[in-house]
Amino acid sequence: MSSDLKLKIPANETFLSRWNQELPESTFYWFLIALAAAIAWVIYLTFYNSRVLGIILTTILNKLNKYGHIKFGSFSFSVLSGKFMFRDVHYINEDYSIRITDGFIIFRWWRPYIYKEQAEDLSHSDTRLSIYLDAFEFHVYNRSSHYARLEKLFGLDQQISPGDCSDSKDAEPISDNKRKSSYRWRDLVPVIKVDILSGRCVFGNQLLPSTLVLSFEDGRVMYTTKPPSTTFDKFMHIIKCTAENFRVILVPSPKYDGPKDEPPRFMGEGYVVLQTSDINIYYYMDEPGITTHEPQRLQLANSDYAMSSTYPCIGLDVKCGKSRDLKYGKTTNISYGPWVDRQR
């Protein structure tokens, strides 16, 4: 009886060969394959998909861009929420560099497109584009386009490449219809908001004794347009900025080998020129139109006439914060002396 219950395997067939023949027909075999494939796919989407997309996007952008180098460490997007996420981004060229540790962009594509007139106030419109950045750095270390222009003005041999800057004299005139159509993006994104968790702007290189550093935290930037100050212009650009812990510092330039002028004292990384707990910046600029040389004549309510200028308006208003609690006093300090004046 016990001999009948045993597996009858032919002498010329091994156990492994029979396993390979019968296992593909088993449902458990395909279950294991599906489970392994699902685990591998989840691991790829979780840890590697954004990095692979970053490599592909980096390759495509560098093929299209002829000036500088672009890198995306990782990149991912969501169509339903209109969200684009990225990490370890930098753009480097001969004049400046931009570095971002991580961030994301939200484009609210579901909001309707509303056509508006060119000089209409768009500051009260809904925000369609929002940008969030962390550890933002903007470093300016050269101005090759200006040096190339000076070489051309003085008739010298061109030794500095102007990069992607083109001469405005060689540009073809733009017709009014094309100029009006170029402003249609204002209807699509009437308000742009940028939130920067921490950032800094650096100006300097190894050929200068000191480097200017502007650092801030919790920065908020809003861009929109308003009606122009005169009827001859098209519209007015508006940029509102707020930031906390804003500091302007002069630090020694690394790898500088020339004569050094030591500051009167060091305060942390370098000499602090300006330090404030919060700062508000308001920048406005008219988009120029075709104006007349003569001032504009306006009629007042009392039937008198007044002369008004017709040139575009541009300005920058900066307001530093002050503590509301009297025991803390002022929260803005400015240290400007002979040494700072020599670093200009």
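The values are calculated or read from the model by the stated rules, or taken from the named source; none is laboratory data. This structure is a prediction, so every number in the text was calculated from the model and none was measured. Here Cβ is always computed from backbone atoms with ideal geometry, including for glycine, and neighbour counts include all displayed protein chains. We work out accessible area using only protein heavy atoms, side chains counted, and drop any ligands, DNA or RNA first. Shrake-Rupley method; radii C 1.70, N 1.55, O 1.52, S 1.80 Å.
Give me the net charge of Arg247's neighbourhood, meaning all other residues with Cβ under 13 Å from the Cβ of Arg247; Lys, Arg count +1, Asp, Glu -1.
Charge balance in the 13 Å sphere: -3.
Across Thr230, Thr101, the residue with the most accessible area heads the list, and the full order at a 1.4 Å probe is Thr101, Thr230. Heavy-atom accessible surface of Leu64, to the nearest 10 Å², is about 130 Å², with a 1.4 Å probe and all protein chains retained.
Per-residue SASA remark: Phe138, around 60 Å² accessible (1.4 Å probe; ligands, DNA and RNA not included). Taking all protein chains as shown and a probe of 1.4 angstrom, Glu244 keeps an accessible surface of around 90 Å².
Classified by the C-alpha gyration tensor, the stretch 12-157 has an oblate form. Its axis ratio a/c, with a ≥ b ≥ c, is 1.5 or above, and a/b does not exceed b/c. Holding the Cα-Cα limit at 21 Å, pick out from Lys240/Lys319; Lys83/Lys193; Lys83/Lys234; Lys193/Lys226 the pairs that are longer than that. Long pairs (Cα-Cα over 21 Å): Lys83/Lys234.
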